[in-house]
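What follows is a short report on a single structure.
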Amino acid sequence: MVGNPISEANPIREALKGGRFSYFVELVASAKTTEEKLQEMAAELAQVPGLIAAGVTSYAGGSAGHDPIRIAELVKEKGLTPNVHLTCVNHTRQELIDSLLKLNGMGVENVFAISGDYPLKTGDAQPEADYDVDSVQLVELINEMRQQGLPFQISVAVSPFKYTEADCVYQYLKLEKKIAAGADFAITQLGYDVKKFRELKRYLDERGLKTPVFGNVYVLAAGAAKKFAKAEPPGCWVSPELLEIVTEEAKAADKGLAARLERAAKTAAVLRGLGFAGAYIGGTHSADHIRTIIRRSEEIAENWEEYAEEITYGEKGGFYFYDSPRPAPKPREFAQKLMDIIEPANTPAPLRSVLKGVLGWVDHHPSAAHALERAEYAFKVSAFGCQACGNCVLGEMEYVCPMTCPKSMRNGPCGGTHNGQCEVFPDRACIWVRVYDHAKSANRVEDLKTYIPPRNRALQGTSSYINYYLDRDYRPGHPPPLVQIAPAPAPVAK
Ligand code: SF4
């Protein structure tokens, strides 16, 4: 692939290089706001000193909204640097590649690679959604394009605001996977708990990970707080204590505006004091509000420690990585021990070559291959909820099938879990809690950092054993390149 040199300076890249604390604003590209209005907001925001970029959302809260690429184009025209949210919701890997090529053609380098919220229910009906790749695989894909010459800068999400052991530890493991896959910087989900911001920073520092992190600073009004208190949209949460305070503030003549801007400024000051790369401001599109937050946070920057205690609205009794006791691992179940023995990756070399020969023969006899696939499925559907993907990673996922995750993730939970419950089906436990518990029992938590590539979809309905021994499946250590595309379009004339 031929690289497209982008001649304009990238303010995000420059700020990160210079180690300068900086500010983003989140521009929600909701269908409720017209393109003209978004463009008008972008023009005003572009004039705010210290603001380096706008995150342009996609599928925020599960609603498709405007095409973020189109909005990024409009934002850029107004002189504001877009950081485009690229979600995996209902996009094939080829469509993602096409979007990235389009962004490159427009001279947009900054991409926020996320799984994306699951589409909202229409009435009582749960829509079907397809996630061809997950967020870690998306980072891998963009990184491959970068290695072929396209100068993308990749940001990723992380939420330290998880208050159960499995949710919290897995968020950090997954962040490490994203960094290993090529992430340049991270942005936290929203939360109001400085103890958690500290925890994330310490986690990275202790591992020598220098990846810059922007902390989310959401300007919290009473209406939003009410929704967040119910964990809506997924990944957002506000404690009952903070909800009460914000509700009280809303009774003031200004409906709590001054108080919420002050809280946002204090949070930004604390983030700066903790060594974060910047503040990612959401909850307002007003250039005046952003100006006030930036000015005030710079004024009080030196006193940040004073405010740190104030902004600690965590979950009572919730899990903290460095402070909370961890229950002893559960004893391993018989089924897990048995699976360790029959797991193809554990097959001794001599038996492996015998099996390769036998399964090669089976593969050439369609009725035998079909019978094997059916027998495999019959066993795995009852034991694991198998969906015959033909590309089995049970061994890498502690004998939990990834296809039982509504987003078919293969590299860890999305950011939508709440106290171990699934974003899509809140009455169900997130499957990744079981993955974590099993790994903990087997003393293999570190192994969960292994990158798992997306499945080879052409193998649906075939025997994963045949595919494994004949090297057709995509698995750790055997991933195909994700990008096999033609040269990029010509650079945009500047
Ligand atoms: S990973 Fe694929 S083959 Fe393995 S149990 Fe799940 S659906 Fe079946």
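Nothing in this text is a laboratory measurement; each read-out follows from the coordinates by a stated rule. What you see is a predicted model; the values in this text were computed from it and never measured. All Cβ positions, even for glycine, are placed from backbone atoms using ideal geometry, and neighbour counts span all protein chains on display.
Here are the numbers for this structure:
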read-out: Neighbour-count order for Lys356, Lys32, Lys177, fewest beta carbons within 10 angstrom listed first; value: Lys32, Lys356, Lys177
read-out: Fully extended contour minus Cα-Cα distance, from Ala258 to Lys316, at 0.36 nm per residue; value: 18.1 nm
read-out: Protection-proxy order for peptides 151-158, 103-110, 225-232, each taking the mean of Cβ atoms within 10 Å per residue, highest first; value: 151-158, 103-110, 225-232
read-out: Extended-chain gain in nm, criterion 0.36 nm per residue less alpha-carbon gap, Arg70 and Ile342; value: 92.9 nm
read-out: Kirkwood Rh, Cα atoms: Rg over Rh of the chain; value: 0.99
read-out: Alpha carbon Rg of segment 178-266, scaled by the compact-globule rule 2.2 N^0.38 Å; value: 1.28
read-out: Charge-dipole axis of the chain as Lys and Arg at +1 and Asp and Glu at -1 on Cβ define it, positive-most pick from Gly390, Val111, Gly314; value: Gly390
read-out: Environment charge of Pro426, counting only residues whose C-beta is closer than 11 Å and scoring Lys/Arg +1, Asp/Glu -1; value: -1
read-out: Within straight-line cross-link reach of Lys316, lysines at Cα separation under 20 Å, skipping those fewer than 8 residues along the same chain; value: Lys162, Lys195, Lys196, Lys226, Lys227, Lys230
read-out: Anchor Lys78: lysines whose Cα lies under 21 Å away (excluding residues fewer than 8 positions away in-chain); value: Lys32, Lys37, Lys102, Lys494
read-out: Distance between modelled label sites at Arg352 and Lys37, nm, 7 Å Cα→Cβ extension; value: 6.0 nm
read-out: Label point distance in nm, Ala368-Lys210, each placed 7 Å from Cα along Cα→Cβ; value: 5.7 nm
read-out: Sequence of Arg272, Arg326, Arg332 once ranked by neighbouring C-beta atoms within 10 Å, starting from the fewest; value: Arg326, Arg332, Arg272
read-out: Local electrostatic count, Val362, Cβ distance below 14 Å [Lys/Arg +1, Asp/Glu -1]; value: 0
read-out: Fewest-first sequence of Glu95, Glu376, Glu423 by Cβ atoms within 10 Å of each Cβ; value: Glu95, Glu376, Glu423
read-out: Radius ratio Rg over Rh of segment 294-444, counting only Cα atoms, Kirkwood formula for Rh; value: 1.17
read-out: Ellipticity estimate at 222 nm from DSSP helix runs (n ≥ 4, -39,500 (n - 2.57)) divided over the chain, nearest 500; value: -12500 deg cm²/dmol
read-out: Full-stretch length increase - Arg202, Phe334 - with 0.36 nm per residue and alpha-carbon distance subtracted; value: 43.8 nm
read-out: FRET efficiency estimate (nearest 0.05) - Cβ-Cβ, Asn303 to Arg326, R0 45 angstrom; value: 0.80
read-out: Estimated Rh, segment 295-362: Kirkwood, alpha-carbon pairs, angstrom; value: 18.6 Å
read-out: Candidate lysines for bridging to Lys380, where Cα separation is under 29 Å - those fewer than 8 sequence places away on the same chain excluded; value: Lys174, Lys177, Lys330, Lys337, Lys356, Lys407, Lys440, Lys449
read-out: Under 15 Å, Cβ to Cβ, from Gly416 - net charge with Lys/Arg +1 and Asp/Glu -1; value: +1
